[in-house]
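I have placed the structure first, in the form of structure tokens, so that the comments after it can refer back to it.
Taken together, the values in this text are just the output of simple stated rules run on the coordinates, not laboratory data. On a predicted model such as this, the values are computed, not experimentally measured, just so you know. Here the Cβ is made from the backbone with ideal geometry for all residues, glycine too, and neighbour counts use every protein chain on show.
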Amino acid sequence: MSIWRWANWITPVPEQHRVTLGEGNTPLVRSTSIGPAAGLENLWLKLESGNPAGSFKDRFGAAAISAMRAENQTRCVATSSGNTGSAVAAYCAAAGMRCEIAVVETAPQGKLRQMMAYGANVYRIKDFGLDPDLSAKAFETLMAQGEAPDARLQVSSYIYSVPGMTGVETISFELAEQAEQQLQRPIDHVFCPAGGGGLCLAVCRGFARLVSESRLPVSPAIECVQPEGNDTMATALSEGADRARPITCTTNISGLQVPNINDGHLVVEELRPTGGRGQLVTDEAVWNTQQRLATEEGIFTEPAGATALAGCLEAATAGRIDSDAVVICLVTGSGFKDEASVDRMLDGIECPTLTLDELG
Ligand SMILES: Cc1ncc(COP(=O)(O)O)c(C=O)c1O
């Protein structure tokens, strides 16, 4: 199975041009420990970490690279905090396409090495992803490079790459199907981690598409969770502002370091009617939740993948979620992506080597 199961709804790409590595159709598992401990009886985790290159961005990669193939483009130019790069590099390899990726300076080694392993040409840009002015100028330069006839710039955000982002909307189609078949109850809230906001917007638009086609009566509340050090949208959403705001990024959570607005204004505008709010979390709360997911639920995720749940727990503590509400948290990326975060979780725990005598 793949995201092309929903092909009539995502960017129409003729079958012969579609690339797939079996992305999507990710499991929805019930939280057996963290949810009940927080008084949430129906907390479910959507494991996007199980995608072929290890994150939800594979849905983007499959749709974006297929659309390029359909237009005879052979060179993908991408910017990434890590996971978009890994995804497009994987799908370019599968499609036999060249791939050049400019990454944020702080991207974890695991993500960088994964892109290089797929054969992509990867380079870091100093202060990219931290300084909003510099990041905006870097985007402009890369956009110019992506305008060559054989090339296309891929940034996982609607303002740059609509075909790829429509692939991400398949998360909502799957959730609606899983709610009907597996939960047999409608979903009340979907918590999403947010950097540039593309993921929140894709989930929101996916549900909006289902509502507009009368396949669902109403959208769940789409909730936007950001680290305090990248608060471009969360406060704007909770305080009733109309627009997102650029910031200087101070969070250490890889994937959520996006100081520019990108899809931010659209997120504020389109999430609000669903009843979704913004939720801020500290980096420490994210790391703590990452550890709890591993030790209490058996789910190995990178920090960004624990952020939605960290935000959900804060919202529950603030009394914003009914105890019997059906709540989904997106676990967006694999723990294998970010070695340094695993070192932090282990906090000095070593793996000893025993002799046979010591074993006995
Ligand atoms: C694992 C993970 N989760 C969440 C996000 C946030 O996505 P967006 O920038 O679309 O808000 C990213 C972005 O790179 C990511 O890699």
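Results, tabulated for the structure shown:
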{"item": "Proximal aspartates and glutamates to LYS111, defined as alpha-carbon separation beneath 15 angstrom and excluding residues fewer than eight positions away on the same chain", "result": "ASP58, GLU100, GLU302, ASP338, GLU339"}
{"item": "Percent of beta bridges antiparallel (DSSP, the chain, rounded to nearest 5)", "result": "15"}
{"item": "MRE, 222 nm, helices only [DSSP H, n ≥ 4, -39500 (n - 2.57), over the chain, to nearest 500]", "result": "-11000 deg cm²/dmol"}
{"item": "Proxy reagent accessibility, fewest Cβ within 10 Å first, across GLU270, GLU140", "result": "GLU140, GLU270"}
{"item": "Gain in span if fully extended, GLU105 to ASP357, counting 0.36 nm per residue against the direct Cα distance", "result": "86.0 nm"}
{"item": "Cα centroid separation - segment 91-143 against segment 1-63, whole Å", "result": "23"}
{"item": "Computed label-point distance, nm, for sites ARG98 and GLU350 using a 7 Å Cα→Cβ extension", "result": "4.8"}
{"item": "For segment 256-288 and segment 309-360, distance of Cα centres in Å", "result": "21"}
{"item": "Bins of 5 Å, starting at 0 and running to the largest distance - Cα pair percent for segment 258-346", "result": "3, 13, 20, 21, 19, 13, 8, 2, 0"}
{"item": "Kirkwood Rh in Å, taken over the chain so that all alpha-carbon pairs contribute", "result": "20.3"}
{"item": "Alpha-carbon Rg with Dmax, taken over segment 57-161, Å", "result": "12.5, 35"}
{"item": "Placed amide H near VAL326: partners under 5 Å, 5+ positions off or other chain", "result": "ASP188, HIS189"}
{"item": "Contour minus Cα-Cα distance for ASP150 and ALA117 (0.36 nm per residue)", "result": "9.5 nm"}
{"item": "Extension gain, THR295 back to TRP9 (0.36 nm per residue minus Cα-Cα distance, nm)", "result": "99.1 nm"}
